[in-house]
1. In region 52-97, how many residues are in contact with a Lys or Arg (Cβ under 9 Å, 6 or more places away or on another chain) and not in a helix (DSSP H, G or I)?
2. Condition first: in contact with a Phe, Trp or Tyr (Cβ under 8 Å, 6 or more places away or on another chain) and more than 15 Å from ALA63 (Cβ to Cβ). Now tell me which residues in region 127-149 satisfy that.
3. With the condition kept exactly as written, say whether any residue in region 115-128 is on the phi < 0 side of the Ramachandran plot, hydrophobic (A, V, I, L, M, F, W, C), in contact (Cβ under 8 Å) with a residue 60 or more places away in the chain and in contact with a Ser or Thr (Cβ under 9 Å, 6 or more places away or on another chain).
4. Which condition number does LEU11 fail, the rest of (1) within 24 Å of ALA97 (Cβ to Cβ); (2) assigned to a helix (DSSP H, G or I) being met?
5. Taking GLN58, is it over 21 Å from VAL29 (Cα atoms) and not hydrophobic (A, V, I, L, M, F, W, C)?
6. Going through region 33-63 one residue at a time, which ones are of a type in the set (Gly, Ala, Ser), without any contact (Cβ under 8 Å) to a residue 40 or more places away in the chain and loosely packed, with under 15 Cβ neighbours inside 10 Å?
Amino acid sequence: MIRRDHVQTFLPGLYPVGALLVLAPVADVVTAAWPFQVGEAAWRFGTIGLAFRSIMLQVLGFALVVSTAALLGHRSLLRGLSIAALVAAVALCGGVARFVADYRDLQTLIGAGSGFDTSAFRAVLAAILAVPVLITLGGRGFLASRDLETRSVPTETAHAPSAHDYARPKQVIPFPRRRSQAPTDHRRV
């Protein structure tokens with residue numbers, strides 16, 4: 001059985017794993033799209049399509065980071081990640097709209113039967129499926145950060161344990177007994 005303090009020690013190590021899952025596809029897209037030619041529909045279509053093909057890996061990494069922040073109780077980070085997830089969902093919707101517009105422009109130039117339609121469909125499907133996941137991560141993460149806020153210990157009463165805390169005996173509070181468990185007097189009168 002894994003102890004809770006071991007889990008608390010292990011969990012922060014998941015932050016760089018999640019960041020790697022999010023940032024590695026971004027580096028791939030940037031290096032493949034270099035030099036940037038934003039004014040050309042073919043470049044935009046290829047770059048956005050490449051980004052959409054790796055979106056599920058990025059969403060998985062993002063979910064890992066959000067989950068780790070929630071489990072560790074990192075409220076500010078969780079709230080920031082939740083806002084980032086909602087912004088990413090909106091940006092993804094804009095990217096889908098741009099991708100479809102570029103697809104229509106390029107479809108007349110390329111023609112049918114080149115695998116172009118299937119590739120475009122798979123990229124758009126991946127992006128569309130990622131939107132509700134990001135919205136859910138953002139919404140649930142924001143609610144969890146509010147829940148952490150209400151359960152947090154006030155800062156004026158929180159303190160690190162000192163030698164004085166360990167020196168005094170702990171007060172033992174007995175559990176209340178049920179009526180059936182009440183002590184009975186077995187002495188005879």
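1. Within region 52-97, the subset in contact with a Lys or Arg (Cβ under 9 Å, 6 or more places away or on another chain) is 52-53, 66, 69-70, 73, 75, 79, 82.
Next, from what is left, pick out any that are not in a helix (DSSP H, G or I): 73.
Within region 52-97, residues that are in contact with a Lys or Arg (Cβ under 9 Å, 6 or more places away or on another chain) and not in a helix (DSSP H, G or I) number 1.
2. ALA127
3. To start, the set of residues in region 115-128 that are on the phi < 0 side of the Ramachandran plot comprises 116-128.
Still in the list and also hydrophobic (A, V, I, L, M, F, W, C): 116, 120-121, 123-128.
Retained after the next criterion (residues that are in contact (Cβ under 8 Å) with a residue 60 or more places away in the chain): 120, 123-124, 126-127.
Checking which are in contact with a Ser or Thr (Cβ under 9 Å, 6 or more places away or on another chain) leaves us with 126.
Checked region 115-128: at least one residue is on the phi < 0 side of the Ramachandran plot, hydrophobic (A, V, I, L, M, F, W, C), in contact (Cβ under 8 Å) with a residue 60 or more places away in the chain and in contact with a Ser or Thr (Cβ under 9 Å, 6 or more places away or on another chain).
4. (1)
5. Numbers: over 21 Å from VAL29 (Cα atoms): no; not hydrophobic (A, V, I, L, M, F, W, C): yes.
So GLN58 fails the test.
6. At the first step, the residues of region 33-63 found to be of a type in the set (Gly, Ala, Ser) are 33, 39, 41-42, 46, 49, 51, 54, 61, 63.
In the following step, the residues that additionally are without any contact (Cβ under 8 Å) to a residue 40 or more places away in the chain were identified as 33, 39, 46, 54.
Within region 33-63, just GLY39 meets the criteria.
Every number here is computed from the coordinates shown, using simple stated rules; none is lab data. The structure presented is a predicted model; accordingly, all values stated were derived computationally and were not measured. For neighbour counting, all protein chains shown are included, and Cβ atoms are generated from backbone atoms with ideal geometry for every residue, glycine included.
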